[in-house]
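Here's the structure we're looking at; comments come further down.
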Amino acid sequence: MDKDEFTVTPWEVKGEIDYDRLVSLFGTSYITPELLKRIPGSSGNLFLRRKIFYSHRDLEWLLENHEKGKSFYLYTGRGPSSGTHLGHMLPWIFTRQLQEMFGTQLYFQMTDDEKFLFKEQLTLEDTNRATYDNMLDFIALGFDPSKTKIIVDTRDIAHLYKIALKVSKKVTFSTAKAVFGFKNSTNIGSIFYTSIQSAPAFIESEMRGTNVPCLIPCGIDQDPHFRVTRDVAPLLGYYKPALIHGKMLPGLSGGKMSSSGEAAIYTTDSDEVIKKKVMNAFTGGRATVEEQRRLGANPDICPVYHHYEFLLEPDDDKLKKTYTDCRSGALLCGECKLNLLSKVLNFMKAHREKREKAKEIVSDFVFNAKVM
Ligand code: TRP
C-alpha cells in the first residue's frame with residue numbers, strides 16, 4: 001500500500017489515516033479553539049482537549065440553540081459484528097461525558113441488521129449474540145438508564161420504520177451509489193440500510209411532535225451516512241442533525257495496514273492475551289537499544305503512545321513526559337509497554353466488574369416508547 005493511501009468508509013477503515021485530508025474530502029469543519037470554549041467543561045475533557053474529537057458539522061448552531069435554552073438530544077450507535085474492543089468504547093465514553101455535561105437524553109442504536117447485511121459470513125444469530133455482548137460493555141460505562149435508551153434494530157423496528165420509509169423515499173439509488181460505492185451486485189438490504197441509520201436522528205422530533213435538535217458523536221468513518229441524513233432532513237421538515245467526529249484508535253499491530261480491529265484489546269480478553277498483545281505491539285522504536293538511546297524514537301507513529309493519548313493517560317504532563325522521553329531516547333519501548341500494560345489491566349479489571357453488574361440492569365435500557 002502506498003504511504004499516503006488510506007480508506008475510510010463506514011464499512012472499512014485502513015491505512016495511515018490523514019485526518020486533515022478527511023476534513024477536506026468530507027467537507028466537515030474543525031472544532032476551533034473558539035468553538036471549544038463554548039462547550040461547557042471542554043478543557044476538562046480529554047477527547048476535546050487532545051483533539052481526538054476534532055471535527056464537526058453544525059456544532060455551532062447546536063450550541064447557539066442550547067445557549068438560548070433549546071435542548072438537544074444525543075444519538076450514537078454500534079454495529080454488533082463481534083466483541084467490543086477499546087476503540088469501540090472511545091466514542092461511547094465520550095458520549096457519556098457529553099450526556100453528563102449537557103444532561104441530555106441519549107439513543108444508542110445497535111444495528112444488527114446492518115452487520116447481517118454487510119458481512120457475508122454473519123448470521124442473524126451471530127449479530128444477536130454480539131448485540132447482547134456489546135450492550136453489556138455499553139451499559140458498563142455508566143449511562144443513566146432514565147435518560148438512555150438502546151434501540152436494537154431488529155427488535156425495535158416499529159419505532160424506526162415510518163421514519164426510515166420517509167427517508168428512503170428521498171434517497172435515490174444513484175445517491176446511494178455515489179456515497180457508498182454500491183454496485184448492481186450489492187444486496188438490496190444494504191442499499192436501504194442508510195435510511196435505518198438515519199431514523200434515530202429524527203426520532204425525538206417524531207415522538208414529541210416538534211423539532212428537537214440532535215447531536216451525533218461518532219467516528220468520522222460514519223460521516224457518509226449522516227451526509228445523506230442531513231441532505232434529506234429539510235425535505236422532511238426536520239432539523240439537520242449536528243455531528244461531532246472522532247479519530248479511530250489505531251490497532252496495536254500498527255504499520256501501514258493497521259486498522260482499529262487488528263490487535264485490538266477486547267473486553268473479553270484474558271489478562272494473558274492482553275499482555276501478549278501489548279508486549280508484541282508495533283512501536284515507533286529503533287532496531288536496537290543503542291540506536292534508540294542515541295537517536296530517540298517516534299511516538300507520532302506509535303500505537304502504544306496513541307493508547308496513552310487517546311484514553312489511558314489522562315494527565316497531560318505525564319503524557320508530555322512520555323512523549324519527550326520517547327523522542328530523546330530516555331524511554332525505551334519495553335518499559336513503555338509495561339507501563340501501558342498495567343494501565344490496560346487496571347482499566348479492564350474495573351470494566352469486567354461493571355460488565356457483570358450490567359447483566360442485571362439490561363432491561364432498564366430497553367426502548368419501549370409507544371409506537372407512533
Ligand atoms: N454503522 C455503525 C457501525 O457500524 C453503527 C451506528 C448506527 C452508529 N448508528 C450510529 C455509529 C450513530 C455512530 C453514530 O458501527
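Looking across the stretch 223-238, the residues that are crowded, with 21+ Cβ neighbours inside 10 Å and either of a type in the set (S, T, N, Q) or not in a helix (DSSP H, G or I) (or both) come down to 229, 238. Answer yes or no: is there a residue in the stretch 189-200 that is assigned to a loop (DSSP other than H, G, I, E, B) and crowded, with 20+ Cβ neighbours inside 10 Å. So far as the stretch 189-200 goes, no, none of its residues is assigned to a loop (DSSP other than H, G, I, E, B) and crowded, with 20+ Cβ neighbours inside 10 Å. Determine if the stretch 346-354 includes at least one residue that is under 25 Å from residue 53 (Cβ atoms) and touching a Ser or Thr at 6+ places or on another chain (Cβ under 9 Å). Within the stretch 346-354 (the criterion being under 25 Å from residue 53 (Cβ atoms) and touching a Ser or Thr at 6+ places or on another chain (Cβ under 9 Å)), the answer is yes, since at least one residue qualifies. What's the total number of residues in the stretch 107-140 that are surrounded by fewer than 21 Cβ atoms within 10 Å (Cβ to Cβ) and outside any helix (DSSP H, G or I)? The qualifying residues number 5.
Just to be sure, is residue 271 charged (D, E, K, R), at pLDDT 95 or above and crowded, with 22+ Cβ neighbours inside 10 Å? It is false that residue 271 is charged (D, E, K, R), at pLDDT 95 or above and crowded, with 22+ Cβ neighbours inside 10 Å.
The rows are residues; the columns are (1) among the hydroxyl-bearing types (Ser, Thr, Tyr); (2) over 21 Å from the mean Cα position of the chain (by Cα); (3) closer than 30 Å to residue 147 by Cα; (4) part of a helix (DSSP H, G or I).
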{"residue": "276", "(1), (2), (3), (4)": "no, yes, no, yes"}
{"residue": "293", "(1), (2), (3), (4)": "no, yes, no, yes"}
{"residue": "342", "(1), (2), (3), (4)": "yes, yes, no, yes"}
{"residue": "348", "(1), (2), (3), (4)": "no, no, yes, yes"}
{"residue": "351", "(1), (2), (3), (4)": "no, no, yes, yes"}
{"residue": "354", "(1), (2), (3), (4)": "no, no, yes, yes"}
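Across the stretch 243-259, the qualifying residues are those that are within 12 Å of the ligand (Cβ to nearest atom) and aliphatic (A, V, I, L, M), and the one among them that is nearest to residue 36 (Cα to Cα) is 244. In the stretch 62-88, the residues that are outside the structural domain of residue 136 (by TED's automatic domain parsing) and under 12 Å from residue 102 (Cα atoms) never reach a residue that is in a helix (DSSP H, G or I) and away from the ligand (no atom under 15 Å from the Cβ) with C-beta atoms less than 6 angstrom apart, at least six apart or across chains. For beta carbons closer than 6 Å, sequence separation of 6+ or different chains, a first residue in the stretch 9-33 that is closer than 14 Å to residue 219 by Cα and a second that is at pLDDT below 95 and away from the ligand (no atom under 16 Å from the Cβ), the qualifying pairs are 17/6.
Among residues of the stretch 193-215 that are of a type outside the set (A, V, I, L, M, F, W, C), those with a beta-carbon under 6 Å from a residue that is away from the ligand (no atom under 12 Å from the Cβ) and modelled with pLDDT under 95 at least six positions away or on a different chain give the pairs 206/372. All conditions in (1) surrounded by fewer than 16 Cβ atoms within 10 Å (Cβ to Cβ); (2) small (Gly, Ala, Ser); (3) touching a strand residue (DSSP E or B) at 6+ places or on another chain (Cβ under 9 Å) hold for residue 209, with the sole exception of (3). Counting only residues that are of a type in the set (Asp, Glu) and part of a helix (DSSP H, G or I), the stretch 141-161 holds 2 of them. When 284, 209 are screened for being more than 14 Å from the ligand (Cβ to nearest atom) and outside the structural domain of residue 64 (by TED's automatic domain parsing), only 284 passes.
What number of residues in the stretch 212-231 are more than 10 Å from the ligand (Cβ to nearest atom), farther than 21 Å from residue 192 by Cα and out of contact with any Ser or Thr (no Cβ under 7 Å at 6 or more places or on another chain)? Residues meeting the conditions: 3. Close Cβ contacts (under 6 Å, 6 or more residues apart or on different chains) running from residues in the stretch 306-323 that are of a type outside the set (Asp, Glu) to residues that are outside any helix (DSSP H, G or I) and crowded, with 19+ Cβ neighbours inside 10 Å comprise 306/250; 310/52; 310/249; 319/313. Which residues, taken from the stretch 64-122, are of a type in the set (A, V, I, L, M) and more than 9 Å from the ligand (Cβ to nearest atom)? Listed by number, the residues that qualify are 74, 86, 89, 90, 93, 98, 101, 106, 117, 122.
Inclusion of residue 43 among residues that are hydroxyl-bearing (Ser, Thr, Tyr), in contact (Cβ under 8 Å) with a residue 12 or more places away in the chain and exposed (fewer than 15 other Cβ atoms within 10 Å of the Cβ) is not warranted. Screening residue 254 on (1) part of a helix (DSSP H, G or I); (2) out of contact with any strand residue (DSSP E or B) (no Cβ under 9 Å at 6 or more places or on another chain) shows it passes everything except condition (1).
The values are calculated or read from the model by the stated rules, or taken from the named source; none is laboratory data. A quick note: this is a predicted structure, and the numbers were derived from the prediction, not measured. Please note: Cβ atoms are built from the backbone with ideal geometry, for glycine as well, and neighbour counts cover all protein chains shown.
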